Amino acid sequence: MSAGFDNPEVSDNPEVSDTPDDASDPAGAVRSPNIWGSPQTYETHNLALDRAGVIDRALLRISGRPDWRGATVVELGCGTGFHLPRLAETARTVIGVEPHRPLAALAQQRVDGMPSGPDGLGAPVTVVVAGAQATGLFPASVDAAIARWAYFFGPGCEPGLAELGRIVRPGGSAFVVDNDATRSTFGSWFSAAWPDYDAAAVERFWTRQGWARESLDVSWEFDSRADFEAVLSWEFPPSMCQRIFTREPTRTSVDYAVTLRWRRY
Ligand SMILES: C[S@@+](CC[C@H](N)C(=O)[O-])C[C@H]1O[C@@H](n2cnc3c(N)ncnc32)[C@H](O)[C@@H]1O
């Protein structure tokens, strides 16, 4: 993916390309049926989730910063780059890492033409086609690495954790944002829809890795019932959606528990 400018934080990466090509994603890309299948629905999901900015504020609070000024911030598994412009409002440099080429291309489109650089109007943003296991970033080059609902789902993400240890500089932090299936109305729907999901095993994994955790409460607030139904229909199996839609015919929002995991390097 073309950077659009020279970014000293990004080394020559053999996976970087200008050509979106579904069949040639870097090794280790984990299929995300929702965003890969319907980036537009994922946009609706993102627009509805945490409008109050609870997650963003927690990341800054834990980092001990009022904003990202002076920082190199990386989002691992950035998808269509929804969160990159917000980070670029104050960061020194923003890098989106995304292994699925069509999504990386959408992320690049999103940031193309954004004000960036020396006039101080916004951070330069680079999109790199790579997985969290091998980002191509320079060692100790990152102040904050953030993964939202991407790759770091528990057992199996050890290669990504090793890569974080390589790229985050001493004093920097890494954050993993994911569902908390043990709390909230959304959590109860999630656990009912995916009974094999073992939240306790995931928790044990992160404890063994020595990461800290914080429970956050956000909400998912849709502009319309149509948006609510569209996103739920792509999140859950049809039988689960039918139950929710029948029981709650006018609902357009839901309380949503999130786990924020983090570690300082
Ligand atoms: C559920 S989406 C979340 C996207 C984005 N973080 C957001 O919140 O809008 C998960 C993303 O992780 C990406 N992904 C898949 N395998 C990955 C890997 N090995 N390393 C990093 N990201 C990966 C997917 O392609 C997808 O874009």
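The values are calculated or read from the model by the stated rules, or taken from the named source; none is laboratory data. Not measured: the values here are computed from a predicted model. FYI the Cβ positions are ideal-geometry reconstructions off the backbone, even for glycines, and counts take in every protein chain you see.
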Exercise for the section: Could you check, for region 118-133, whether at least one of its residues is surrounded by fewer than 24 Cβ atoms within 10 Å (Cβ to Cβ), within 14 Å of the ligand (Cβ to nearest atom) and touching a residue at least 60 places away in the same chain (Cβ under 8 Å)? Expected result: yes
Fill in the blank from the handout: Sole miss for Arg148 among (1) farther than 21 Å from Trp68 by Cα; (2) within 11 Å of the ligand (Cβ to nearest atom); (3) of a type in the set (D, E, K, R) is condition (1)
Fill in the blank from the handout: How many residues of region 51-97 are closer than 21 Å to Ala150 by Cα and not hydroxyl-bearing (Ser, Thr, Tyr)? The answer is 29
Exercise for the section: Would you check which residues across region 52-82 are within 15 Å of the ligand (Cβ to nearest atom), assigned to a loop (DSSP other than H, G, I, E, B) and in contact with a helix residue (DSSP H, G or I) (Cβ under 8 Å, 6 or more places away or on another chain) and list them? Expected result: Cys78, Gly79, Thr80, Gly81, Phe82
Completion exercise
If we ask which residues in region 168-183 are crowded, with 21+ Cβ neighbours inside 10 Å and more than 16 Å from Leu59 (Cβ to Cβ), their number turns out to be 3
Fill in the blank from the handout: If we ask which residues in region 137-195 are under 23 Å from Arg251 (Cα atoms), assigned to a helix (DSSP H, G or I) and small (Gly, Ala, Ser), their number turns out to be 6
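Matching residues to (1) aliphatic (A, V, I, L, M); (2) within 23 Å of Leu232 (Cβ to Cβ):
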| residue | (1), (2) |
| --- | --- |
| Thr182 | no, yes |
| Gly187 | no, yes |
| Arg204 | no, no |
| Gln209 | no, no |
| Ala212 | yes, no |
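Per-residue answers, yes or no, for (1) on the phi < 0 side of the Ramachandran plot; (2) free of Cβ contacts under 8 Å to residues at least 40 places away in the same chain; (3) within 19 Å of the chain's Cα centre (by Cα):
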residue	(1), (2), (3)
Asp198	yes, yes, no
Phe205	yes, no, no
Trp211	yes, no, yes
Leu216	yes, no, yes
Ser239	yes, yes, no
Fill in the blank from the handout: With the first residue restricted to region 18-33 and required to be exposed (fewer than 14 other Cβ atoms within 10 Å of the Cβ), and the second required to be modelled with pLDDT of 85 or more, Cβ contacts under 8 Å at 6 or more apart or on different chains are Thr19/Arg101; Asp21/Arg101; Asp22/His100; Asp22/Arg101; Asp22/Pro102; Ser24/Arg101; Ala27/Gly131
Practice task
Read through the list (1) in contact (Cβ under 8 Å) with a residue 60 or more places away in the chain; (2) under 27 Å from Gly37 (Cα atoms); (3) surrounded by fewer than 15 Cβ atoms within 10 Å (Cβ to Cβ), then give the number of the only condition that Phe186 fails.
Solution key: (3)
Practice task
Take Arg208 and decide whether it is of a type in the set (D, E, K, R) and part of a helix (DSSP H, G or I).
Solution key: yes
Practice task
Name the one entry in Leu103, Leu84 that is more than 19 Å from Ile167 (Cβ to Cβ) and either in contact with a strand residue (DSSP E or B) (Cβ under 7 Å, 6 or more places away or on another chain) or at pLDDT 95 or above (or both).
Solution key: Leu103
